[in-house]
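The values are calculated or read from the model by the stated rules, or taken from the named source; none is laboratory data. No experiment lies behind these values; they were computed from the predicted model shown. Please note: Cβ atoms are built from the backbone with ideal geometry, for glycine as well, and neighbour counts cover all protein chains shown.
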Amino acid sequence: MKFKTKYPGPWVDIDKTELLTSDVGDWRYRSPEVEKSKCSHCGQCYLYCPTGCIEDKGPYFEANLAFCKGCGICAKVCPIEAIKMTTGGK
Amino acid sequence: MKEIRLHGRGGQGVVMASEILAVAFVTEGKYATAFPSFGTERRGAPVRAFLRIDDKPIREITQIYNPDCLLLADPFFQNVADVYDGLKPGGILVMNSQVSVENKPHENVTCLGFVDATRIALEEINRPSTNTCLAGTFAATTRYLNLASIELALENFFNGKALEGNIRCARRGFAEAGIIKF
Amino acid sequence: MGATAGGEIKVLSGNQAAAKAAVLCQPDVVAAYPITPQSEVVEELSKFYAEGALQAEFVEVEGEHSAMSVLIGASSSGGRTFSATSSHGLLSMFEAYFYASTLRLPIVMAHVCRELAAPNTVLCSQQDILTMRDAGWIQIHCASCQEILDSIIMGYRLAEDPDILLPVNICYDGHYLSHFSARVEVPDQTDVVTFLPEKDLRECRLDPDKPMMQAPYLGGKLFTEYRYKHCMAMQNALPEIDYIDGEFQKSFGRSYGGLIEEYRNEDAEIVLVALGSAASTAKAVIDLKRDEGVKVGLVRIRCFRPFPCDRLEKALRGVKAIGVIDRDVCFGWNMGIVFMELRSLLNRSQINLPMVNFIAGLSGADINIENIGRAINDIQQVSRGGSDREVTWLDLE
């Protein structure tokens, strides 16, 4: 019998991305848009993001759209409402 | 093969007695097995232990129903009929008794060894653990093994002052045993 | 004797023998939670640890689920691990227990066989471990303190074999073996190290320098491959268990027959099948019956998982009747678990012969010479076509 899996037990080499879920960005119907000049760099959006896709760009935080599912939590927790959920944007 | 059943109460060291004797027999090059049967584990509850000895490996892993020898750690048990269940004719009885025994406690007993183990234990180790004293009496009565083997075995269970005290108990149990043949 | 000369004679209980064996195998991590009648194993391991004889991480856990979880972590990192449990402890860790085998971790765990409540009890039966037969662990059943010690050593060699990589339970009866003291030869530490494979040679490990992912989320087809491989590994274990038994004989002078032990079975007309301590007592009864002219033999199943189909089939082919002692019940089939499995085997092998089941020894009830004698009489009667009763509850009738 030929197996697709490599090892006797359920262990996978870390570079075998076919078994890892990726690129969930396709699931979104709304995307977070950050008002970069308004961002106070408090980091709440970074802490709350369930997929952990928000990245520290230096002066502001921004979602990595390859992994962002568009849940809107970042917009909800931003204390100064610097994030808006907009339709479109891939 | 010889089967020995030990009866006592929780706290009298009956289980340890069976283990001490097992070790003693093994030091003489024999095979021995020992295990306890408990009711609820607490001080004062009836405890039985089962000891088997043989020159070849022992396969029986079951309680003893027809003992060749009975060992009673508590004087109370000599009057309990159940204790003698299954004792083989020609049986040997080893018991802790405060008073001198004259009569056969059961028809199948042909040899009896008794000693005031409680008093000896209190004198030598300051507690009523009669096991090591009765081990000595067992050796004297049955002649299944040597007292020296018991003293050697005790080193596996005690050290220091406790070892010395228990060796004295075993020696006194051996020397002061009253042995009656019926 | 064939053996290395290094053994030391001691009197040990089953629990003490298990602890001693674990120390000799030099585990890296030990985690266990006490439960009657296994507690002495943990106590002995603590003593060895305090003395420095056990050079392992001895992790104090708050329950069996944690104990197995700790071992999963340690074993996943390439460590050699040991634990012990019994009945409700096994149930408490079941989630992790199933995880351990399906992750293919070579954990060795002593299992003291005890009844499952209710009614309440702490006494012997094999209900606990036989009920867990489908958790993917290898299961070896012992019938003496010496066998417990030796089987744990053999267990590590079996578990860590790269074609097997499965956890192993070394099982022995509660009180009847756990608290049973007997003459045991303890092998020399160096000889045990020589007998066992080198540690930490596994390909699949958690290693920061070579990261791997463990237990990914998988759908049907890929998931199924791993179940298939697990079953294959169980089958690989069958000849390996016999082989390791032979190697143990060469190194230490003792052998247990591998997957099954046969006693006076060569010319037997009727056979008694049993597991554990009762099988040891049965040998004495078989000798008594043989003296009376009854051609009875014993087959003791040592390895219950994987089920030793071929060796059992060979051992049972050609006899006139079989009796099986079950120290457990199979709810739903109105018989014992071992009997049910044997029925299945004989059907598969197309061997059609009268079989009768004896349920006995539950919650510490003594399986004694008289009971076994009755059982053999019944098997004899059945071989002559005398009875069509399938199951006898020996302690009730």
Legend entry - Output for the range C:186-214, where each listed residue is in a loop (DSSP other than H, G, I, E, B) and under 30 Å from B:Pro57 (Cβ atoms): C:Pro187, C:Asp188, C:Leu196
Inset, instruction - Return yes or no: is C:Leu116 assigned to a loop (DSSP other than H, G, I, E, B) and more than 25 Å from C:Ser13 (Cα to Cα)? - result: no
Inset, instruction - With respect to B:Asp85, determine if the residue is of a type outside the set (Gly, Ala, Ser) and more than 14 Å from chain C (Cβ to nearest Cβ). - result: no
Inset, instruction - Would you check if there is a residue in the range C:165-177 being within 11 Å of another protein chain (Cβ to nearest Cβ), part of a loop (DSSP other than H, G, I, E, B) and surrounded by fewer than 18 Cβ atoms within 10 Å (Cβ to Cβ)? - result: no
Inset, instruction - From C:Arg183, C:Arg227, grab the single residue that is under 30 Å from B:Ile20 (Cβ atoms) and either within 10 Å of another protein chain (Cβ to nearest Cβ) or part of a helix (DSSP H, G or I) (or both). - result: C:Arg183
Inset, instruction - Could you tell me whether the range B:68-82 includes any residue that is out of contact with any strand residue (DSSP E or B) (no Cβ under 9 Å at 6 or more places or on another chain), hydrophobic (A, V, I, L, M, F, W, C) and surrounded by fewer than 23 Cβ atoms within 10 Å (Cβ to Cβ)? - result: yes
Legend entry - Complete set of residues in the range B:65-82 that are aliphatic (A, V, I, L, M) and either within 14 Å of chain C (Cβ to nearest Cβ) or within 15 Å of the chain's Cα centre (by Cα) (or both): B:Leu70, B:Leu71, B:Leu72, B:Ala73
Inset, instruction - Determine which member of the set C:Asp128, C:Asp134 is modelled with pLDDT of 95 or more, within 30 Å of B:Ile58 (Cα to Cα), more than 14 Å from chain A (Cβ to nearest Cβ) and within 15 Å of the chain's Cα centre (by Cα). - result: C:Asp128
Legend entry - Enumeration of residues in the range B:148-175 that are among the hydrophobic types (A, V, I, L, M, F, W, C) and part of a loop (DSSP other than H, G, I, E, B): B:Phe157, B:Phe158
Legend entry - Among the residues listed as B:Asn159, B:Asn131, B:Asn126, the single one being away from chain C (no Cβ under 14 Å), surrounded by fewer than 19 Cβ atoms within 10 Å (Cβ to Cβ) and either in contact (Cβ under 8 Å) with a residue 40 or more places away in the chain or touching a Gly at 6+ places or on another chain (Cβ under 9 Å) (or both): B:Asn126
Inset, instruction - Pairs only if they're at least six apart or on different chains, beta carbon under 6 angstrom, first in the range C:90-113 and within 14 Å of chain A (Cβ to nearest Cβ), second surrounded by 24 or more Cβ atoms within 10 Å (Cβ to Cβ) and among the hydroxyl-bearing types (Ser, Thr, Tyr); list them, first residue then second. - result: C:Leu105/C:Ser75; C:Ile107/C:Ser75; C:Ile107/C:Thr81
Inset, instruction - Name the strands (runs of 3 or more DSSP E) wholly inside the range A:1-56 in which the number of residues that are modelled with pLDDT of 90 or more and within 8 Å of chain C (Cβ to nearest Cβ) is 1 or more. - result: A:11-13
Inset, instruction - With a cut-off of at least 3 residues that are out of contact with any strand residue (DSSP E or B) (no Cβ under 6 Å at 6 or more places or on another chain) and surrounded by fewer than 21 Cβ atoms within 10 Å (Cβ to Cβ), name the helices (runs of 4 or more DSSP H) lying wholly within the range C:4-111. - result: C:39-51, C:64-76, C:87-92, C:94-102
Legend entry - Within the range C:193-224, tally of residues that are away from every other protein chain (no Cβ under 11 Å) and among the hydroxyl-bearing types (Ser, Thr, Tyr): 1
Legend entry - Members of the range B:140-156 found to be in contact (Cβ under 8 Å) with a residue 40 or more places away in the chain, surrounded by 19 or more Cβ atoms within 10 Å (Cβ to Cβ) and among the aliphatic types (A, V, I, L, M), listed by number: B:Leu145, B:Ile150, B:Ala153, B:Leu154
Inset, instruction - Can you confirm whether the range C:123-130 contains a residue that is within 17 Å of C:Gly361 (Cβ to Cβ) and among the charged types (D, E, K, R)? - result: yes
